[in-house]
Ligand SMILES: [Zn+2]
């Protein structure tokens, strides 16, 4: 079968690979891939910043944001049938840590987990893949058109769910939120907050006329552009929020956000910031404010099966409340043979997908 792969460690090695057809084992499901979503992780793997081929393979099939249709099911598989549309999760547990053995590979402590399309396992930029049903999530008709957004949605669902879990320490309930960044993660984060009825402000670089602002407003958020007003003025322009999601990819924004929280507020960092940039920060002031305001700052990566189920529920609720809003995040659909256009940065917009099958 055809697949898009990289040679890990070799920059710009993305190519079509003639890969062996997946042969499902008993108890596995064979899935035909319909589309994959592209994200910064794919670009960074192609830039050889990280990425690891499966043992015994010289290449890594890329792709982790996925959407496909069940082609056949092996003996003993229950709950899936040919024609079902599905999304597969990304991370697979290690064999040694307690959290992985208890369904929380997203909280792996050994670091020996694998990830499809990223670390030690082939991904989904291929005509087909085989998978165990425990890692597959059924996508029903209501969100089929936006099913490829499920994987990034799970990331923000975990961030929001864990923020709310931590805030159970409070007698009060969080009511206000700010999302930094209006990329796919930021806007999906805004959706996750709005379906829970939090009063949400999206803060981003793009002007008020941008499609990102339109999507945010359609979901009932306020949109604040920092194009015309710098970040350090922001605290005087918007009220201090109970929850902040940081989704910009900028560590400077993360530190600025720490100083914007309301008393008892919580900051969830969702950006995997690249590089080794240093910042001059007001360390004593930040430390003091975090203490005196009982603030919590935490990072969150990946997602558990629970978050996949929460994300499906949130996407259905969002689609019902604001029909078509999440669909507007998919701004470009490329035939997969045109993958280079995105990796060569010829495509702008919010989310680009590669259309693989039909
Ligand atoms: Zn583990």
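List of remarks:
- Most mobile listed residue (26, 142, 317) in the chain, GNM with C-alpha springs under 10 Å: 26
- The simple spin-label model puts a point 7 Å past each Cα toward its Cβ; for residue 293 and residue 272 those points are separated by 2.9 nm.
- Fraction of antiparallel bridges per DSSP, the chain only, in percent to nearest 5: 50
- In the chain, the longest principal axis of the Cα atoms and the axis of helix 184-194 are about 60 degrees apart.
- The mean sequence separation of alpha-carbon pairs under 8 Å and at least six residues apart, normalised by the residue count of the chain, gives a relative contact order of 17 percent.
- Paramagnetic reach from residue 11 in the range 336-358 [backbone N under 20 Å; point 7 Å along Cα→Cβ]: 340-347
- FRET efficiency estimate (nearest 0.05) - Cβ-Cβ, residue 214 to residue 142, R0 22 angstrom: 0.50
- Annotation: extensible slack from residue 263 through residue 333 equals 20.9 nm (criterion: 0.36 nm per residue apart, minus Cα-Cα distance).
- Put simply, when 232-240, 290-298, 81-89 are sorted by average Cβ atoms within 10 angstrom per residue, most first, you get 81-89, 290-298, 232-240.
- Most mobile of 177, 55, 213 in a GNM of the chain (Cα contacts under 10 Å): 55
- Helix 150-166 vs. the chain, principal-axis angle (Cα, 0 to 90°, nearest 10): 40
- Seen through its C-alpha gyration tensor, with square-root eigenvalues sorted a ≥ b ≥ c, the range 153-299 comes out rounded because a/c lies under 1.5.
- Only DSSP H runs of four or more residues enter the estimate; each adds -39500 (n - 2.57), and after division by the residues of the chain the mean residue ellipticity at 222 nm equals -7500 deg cm²/dmol.
- Using the Cβ-Cβ distance between residue 285 and residue 170 with R0 = 30 Å, the FRET efficiency computed as 1/(1 + (r/R0)^6) comes to roughly 0.80.
- The C-alpha atoms of the chain define a longest principal axis, and helix 305-321 lies at about 70 degrees to it.
- Per-peptide average of other Cβ atoms within 10 Å, ordering 347-356, 258-267 highest first: 258-267, 347-356
- Theoretical gain in end-to-end length, residue 233 to residue 52 [0.36 nm per residue, Cα-Cα removed]: 60.9 nm
- A straight chain from residue 316 to residue 101 at 0.36 nm per residue would run longer than the Cα-Cα distance by 74.4 nm.
- Label-point gap, in nm, between residue 252 and residue 44 - each point 7 angstrom along Cα→Cβ: 1.9
- On a per residue basis, the convex hull of the C-alpha atoms belonging to the chain measures out at 146 Å³.
- Among 328, 119, 138, the largest mean-square fluctuation in a Gaussian network model of the chain, built with springs joining Cα atoms closer than 10 Å, belongs to 328.
Only the coordinates and a few stated rules stand behind these numbers; no lab work does. For clarity, every value in this text was computed on a predicted model and none was experimentally measured. All Cβ positions, glycine included, derive from the backbone under ideal geometry; neighbour counts span all protein chains shown.
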